[in-house]
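Here the structure is laid out as structure tokens; the discussion comes afterwards.
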Amino acid sequence: MTTKRWRVVALFAAVVALGLAGRLINYPALAGGFKGDEATYVSMAFSIADDFDLKYDRGDFERFGRLFGAGRSGRPVGPEGIFLKQGASPTTERLEYGKAFIYPLAAAPFARLGGLGGMLIFNVLLLAGCVWCAIRLCAARVGGWRGHALAVAFIAASSTPVWAAWLTSEMFNFALIFYAYFLWAYKEVRPDAPGRRTFLGGPWSDVLAAVLIGLATYSKVSNAALIGPLVVYALWRRGSASGRERLAQSVVIGVVFAASTAGLFAANKLISGEISYQGGNRKTFYGHFPFDDAGSRFDAARGSNEMVTEGVSSDILFPLRISGHGIERGSPRFWPLLGHNVWYFFSGRDSGLVPYFFPGALIVVLWLGRWRDMRLWQVLTFGAIAGTAVILLVWFPYTWNGAGGPPGNRYFFSVYPLFLFLVPAGTGAVAALSAWVIGGAFAGAIVLHPFLSSKAPWTVPERAPLRWLPIELTMMDDVPARLHPGRGRLPFGNPRNALLYYMDAGTYTPEDGPNGQFFWVAGATRADIVVRLSDRTPSAKMRLIAESRVANHVTIDWGGDRCVLALAPDQPATCELRASGGVWAHGGYFFPLSVTTTAGFVPSVADPRSADQRNLGVRLTPVFDDRDAR
């Protein structure tokens, strides 16, 4: 047996051994349960691995309970948030899954070998392959230890490793795109030596790249734009090939991409009776599930919600719309909403490009600064990045982060690999060091504790420097804080004319008092709150009464207007604030409110008869007036 074959056999044996090692990992205990869309993808992977089908039945429901064990009630855990749909020929015995099957299909052998731990091992192997590609690319483009340092920082000093801890398709899609662009672009940074031809240096690597992008597009349609650079560059690539040969190569790439994507959707049609895994009668289930012991059914199960992928409404947001009277002016809110989203896309505390993918943002800055050295294939790559971002911001104005409490922008995560291919030749050590230091400051905590940060994502932006960044007011119903049952959409006021969103643990549940509803802010802390008022006007007024049991200095910032109070014990003070520039979204205006206190007390310590162990700083009784406050 040749050395090359021995390497293949050894690699295969190592992968199998790692898959089996997944049996040593207690994933439910390690992860603290499951999150996001894991219920669907895990169920699908084990349906393939154990049943050799993609049908949801009672056996799938019971198996999920065995995988994740018993909950607090002592009963087996149910697949909370599972996406199911009825097939073209509905039955009472089987249902279809409402997610793409490509990731579960790829992960099924590891699920068979190592259970839930095997799926985790699969994700880690995908990530390891990306690290290898990054090192090869940066070694050729940058060289030396600087290239290695930048390559590892690109992944490790971003939120990327956290996704390996999610048993969902995100790491899989990320790896597909990373591998595809490596196959396509590596020949541009390290061409073959004269007289030597390798697979990576030839046209067939582009064809394989097109297949991988097709797989990723089936899994997430927003990846479709990423085939553009390959198709266009094939027409302009310099070399000995004639114009006809370049055209043929471009056509082959486009056809292979289309065939791989369409082929998977056709397979979806054969499996479920429908081309789209998102179409038809699709629901997500909470609390009660088809085939559970309560006899819940798909069409009558409590806790189910019909699923419609949220997109833009042309009647509300587009600047122009087509009606029976021709082209008319659309909503004037389109451009302000887009402007806010662009700002949040780069700098938002929950989903921003800079905090969660800082090494990539740094590479773009370096690349733009050396514009004279830009190469066409890089310009096309940057166009794909920008085009995908625009599509997400326009088409998903309220959920462009992907929702579900992701570590960063879930929808944009599969595009992140493209940033590395923009790295300028000869990038210095300062850039690599900056990527590690600044990227680590933003994402280091979640990378070091991936399961904890994923289980309680609302805690991630509570620490500096993330909490210094702006709150994404355009999608308050899908920021991670909404996953905490006591922090989002809290009715407030008398009447209840406001909704409160607590962005951290510094504010306590609203209570009723003699002067109206009030809430306590913790002592010696800063609390960030978002207030949603009606659709009347982007300006609002707030009159509040502040009181503390101890001497306290309180600073209140309401949409840019500030009030500073020096409170004496048990001596209430009043102030009025006017906020302007509220951000419109979801049919209302959102206003940021921050409260800073310097002191606090614990009632149970001050009074032994009290059982209240909260750290109380200031009690605020605000009255919001959303009539024009200008």
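Distance between the modelled labels on ALA248 and ARG75, one decimal in nanometres: 6.5 nm (7 Å Cα→Cβ projection).
I'd like the distance separating the alpha-carbon centroids of the range 353-404 and the range 510-582, in whole Å. Each part's Cα centre sits 39 Å from the other's. Close amide H contacts of TYR56 (hydrogens built in the peptide plane, cut-off under 5 Å, sequence separation of 5 or more or a different chain): LEU95, GLU96, TYR97.
According to the Kirkwood expression over distinct Cα-Cα pairs, how big is the hydrodynamic radius of the range 568-630, in Å?
So the Kirkwood estimate lands at 15.2 Å.
Note on LYS85: lysines with a C-alpha under 22 Å away, same-chain residues under 8 apart excluded, are LYS35, LYS55, LYS99, LYS220, LYS269, LYS283. Show which lysines lie in cross-link reach of LYS4 when reach means a straight Cα distance below 27 angstrom and same-chain residues fewer than eight apart are skipped. Partners within reach: LYS187. Taking other Cβ atoms within 10 Å as a rough exposure proxy, MET119, MET476 sort from fewest to most as MET476, MET119. Return one number: the angle in degrees, 0 to 90 and rounded to the nearest 10, between the long axis of the Cα atoms of helix 58-68 and the longest principal axis of the Cα atoms of the chain. Value to nearest ten degrees: 70. Distance between the 7 Å Cα→Cβ label points at ALA266 and VAL437: 5.6 nm. Express in whole angstrom the spacing between the alpha-carbon centres of the range 423-437 and the range 481-500. If you average the Cα positions of each part, the centres end up 44 Å apart.
Converting phi to 3J(HN,Hα) with the Karplus coefficients 6.51, -1.76 and 1.60 and the offset θ = phi - 60°, the range 358-375 yields 4, x, x, 4, 5, 4, 4, 4, 4, 5, 5, x, 10, 4, 5, 9, 4, 10 Hz in sequence order, with x at every glycine or proline.
Sort ASP299, ASP292, ASP570 so the one with the fewest other Cβ atoms within 10 Å of its own Cβ comes first.
ASP570, ASP299, ASP292
At an R0 of 30 angstrom, the distance between the Cβ atoms of ARG112 and PHE199 translates into a FRET efficiency of 0.50.
Electrostatic bookkeeping for VAL42 treats Lys and Arg as +1 and Asp and Glu as -1; over the other residues with beta carbon under 15 Å from its beta carbon, the sum is -3.
To the nearest ten degrees, helix 429-448 and the longest principal axis of the Cα atoms of the chain are 60 degrees apart. Extension gain for the segment GLU576 to ALA21, taken as residue separation times 0.36 nm less the Cα-Cα distance, is 193.6 nm to one decimal. Counting beta carbons within 10 Å around each of GLU511, GLU188, GLU576 and listing the fewest first gives the order GLU511, GLU576, GLU188. Model label points for ARG489 and ALA505, set 7 angstrom from Cα along the Cα-to-Cβ axis, are 2.5 nm apart. Against the main long axis of the alpha-carbon atoms of the chain, helix 376-395 sits at an angle near 40°.
A short reminder: the numbers here are calculations on the coordinates, not readings from a lab. Just so we're clear, the structure is a prediction, and the values are computed from it rather than from any experiment. Counting neighbours? That spans all protein chains shown, and the Cβs are built from the backbone with ideal geometry, glycine included.
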